[in-house]
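The values are calculated or read from the model by the stated rules, or taken from the named source; none is laboratory data. Keep in mind that what you see is a predicted model, and the values were worked out from it rather than measured. Ideal geometry is used to build each Cβ from the backbone, glycine not excepted, and the neighbour counts take in all protein chains shown.
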Amino acid sequence: MKFQTKITLSIIPLVLLGIFVLGTWSIKKAKESIHQSTFLYMNTIMDAYVPDIERHHQLLVKNGLDTIDSFVSEYKKNVFQTAENINLPDRSHLFIMDGTGRLVFCSTGTDPDVMASVWGPAAKKIRTDSADGSASEYAGRAEEAGAEKLYVARQFAPWDWVIFFAMEDQLVRGAERQIRNATIGIAGICSILSIAMILIIFNKFFATPVRIIISSASAIAKGRHVKQIDVSSHDELGDLARNMETMSHAIQQHQAEIKKSHDQLETRVKERTMELETALSKIKTLTGLLPICMHCKKIRDDKGYWKQMEAYIHEYSDAEFSHGICEECVQKYYPSIDLNGD
């Protein structure tokens with residue numbers, strides 16, 4: 001496996017892990033933001049509706065009609081009409097429960113028994129908490145007809161009401177799915193772009209210089225001179241390229257010196273060889289067994305002729321003779337001559 005592949009396989013999981021963690025965190029924050037926005041919207045609806053109820057009640061009190069059931073009923077009908085005119089999202093409803101858990105009003109006309117069974121306990125608990133001095137605003141989750149719902153609630157003590165605004169959690173989950181799918185899609189695109197960018201940057205600033213350096217090192221190993229390595233980065237790879245250029249120059253100089261020494265040695269060998277051949281051409285060597293007469297000392301040549309020793313040696317070598325006489329021969333042949341005399 002190539003080094004580039006190893007590095008790539010090491011980086012890609014880290015990139016994917018980082019994007020996965022970032023995507024998971026983004027989805028979590030998005031879900032929290034959606035729920036916060038949902039509850040903020042629901043509270044906004046309640047903030048618009050509950051003051052209308054208070055305004056109708058204050059009109060009754062101001063006019064001294066709050067103890068007359070017919071006027072109270074008429075004002076309550078006006079309040080119900082206002083709730084029906086509020087533009088609410090699909091699968092959401094505004095309804096009112098009394099302190100005993102009985103349904104007073106519902107914008108969707110849901111079965112009162114079902115509403116009482118689901119929201120009655122919540123209304124009673126809110127009434128009890130309010131009597132204890134707890135906060136008058138509530139929010140939470142509940143299950144109605146097999147569907148989980150988010151709700152916010154406010155108590156209106158003068159009429160012993162608990163006003164609810166409920167919305168199916170599926171709506172919120174749908175928005176969450178859209179955000180999750182969008183996040184996954186964006187994360188996938190970011191992953192591809194990040195990996196592509198990493199590969200491009202890695203190839204440009206690392207893999208390509210390494211390949212150039214490897215090619216140059218191969219050329220240097222084969223004895224070729226590399227004047228310049230095309231790596232101009234001011235980093236470790238650039239330093240390595242410059243050092244290899246210096247090394248290539250030094251190797252070429254060393255090889256030139258070796259060649260010069262080799263040529264000089266060959267010249268000297270040729271000169272010595274010529275001198276030796278010249279010397280050998282001047283030398284004649286007598287070898288082998290020479291037949292010589294035991295009396296006259298003549299030597300027989302290859303043709304069978306007997307020759308004087310001087311003539312034979314002179315013929316087969318470059319030796320020259322100068323005649324003299326030894327002391328023994330002087331005494332033998334010239335006894336009258338005194339060699340030791342003055």
Checklist outcome for this item: Output for Cβ contacts, cut-off 8 Å, separation at least six or different chains, first residue at negative phi in region 72-84, second of a type in the set (A, V, I, L, M) and in a helix (DSSP H, G or I), reads VAL72/LEU60; TYR75/LEU59; TYR75/LEU60; VAL79/ILE53
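If you take the residues in region 62-80 that are in a helix (DSSP H, G or I) and of a type in the set (Gly, Ala, Ser), which one is farthest from the chain's Cα centre (by Cα)?
The extreme case among them is SER70.
Any idea which of THR38, THR100, THR8 is of a type in the set (Val, Ile, Thr) and touching a strand residue (DSSP E or B) at 6+ places or on another chain (Cβ under 7 Å)? Break it down into steps so the answer makes sense when it comes.
Values: THR100 fails: touching a strand residue (DSSP E or B) at 6+ places or on another chain (Cβ under 7 Å); THR8 fails: touching a strand residue (DSSP E or B) at 6+ places or on another chain (Cβ under 7 Å).
That would be THR38, the only listed residue that is of a type in the set (Val, Ile, Thr) and touching a strand residue (DSSP E or B) at 6+ places or on another chain (Cβ under 7 Å).
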Item to check | Condition met for ILE213 (at pLDDT 80 or above, touching a Leu at 6+ places or on another chain (Cβ under 8 Å) and within 30 Å of ARG242 (Cα to Cα)) | outcome: yes
Checklist entry - In the set SER215, SER248, which member is among the hydroxyl-bearing types (Ser, Thr, Tyr) and under 32 Å from the mean Cα position of the chain (by Cα)? => result SER215
Checklist entry - When region 236-269 is examined, which residues are found to be under 30 Å from PHE205 (Cα atoms) and surrounded by fewer than 12 Cβ atoms within 10 Å (Cβ to Cβ)? => result GLU236, ASN243, THR246, ALA250
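Residues checked against (1) at pLDDT 85 or above; (2) buried (at least 19 other Cβ atoms within 10 Å of the Cβ); (3) not in a strand (DSSP E or B):
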| site | (1), (2), (3) |
| --- | --- |
| ILE126 | no, yes, yes |
| ILE163 | yes, yes, no |
| GLY174 | no, no, yes |
| ILE192 | no, no, yes |
| ILE195 | no, no, yes |
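Please specify each residue of region 81-94 satisfying the condition of being under 22 Å from TYR41 (Cβ atoms) and exposed (fewer than 15 other Cβ atoms within 10 Å of the Cβ).
GLU84, ASN85, ILE86, ASN87, PRO89, ASP90, ARG91
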Next on the checklist: As an exercise: evaluate GLY223 against (1) in contact (Cβ under 8 Å) with a residue 24 or more places away in the chain; (2) exposed (fewer than 11 other Cβ atoms within 10 Å of the Cβ); (3) in a helix (DSSP H, G or I) and give the number of the one condition it does not meet.
Outcome noted: (3)
Checklist entry - Could you say whether any residue in region 289-303 is at pLDDT below 85, of a type in the set (Val, Ile, Thr) and under 30 Å from THR5 (Cβ atoms)? => result no
Item to check | Among the candidates LEU59, LEU9, LEU17, LEU40, residue that is at pLDDT below 80 and either buried (at least 17 other Cβ atoms within 10 Å of the Cβ) or assigned to a helix (DSSP H, G or I) (or both) | outcome: LEU9
Checklist entry - If GLN228 passes every condition in (1) surrounded by 13 or more Cβ atoms within 10 Å (Cβ to Cβ); (2) free of Cβ contacts under 8 Å to residues at least 24 places away in the same chain but one, which one does it miss? => result (1)
Item to check | Residues that are surrounded by fewer than 16 Cβ atoms within 10 Å (Cβ to Cβ) and either in a helix (DSSP H, G or I) or modelled with pLDDT of 80 or more (or both), drawn from region 95-111 | outcome: THR100, ARG102, THR108
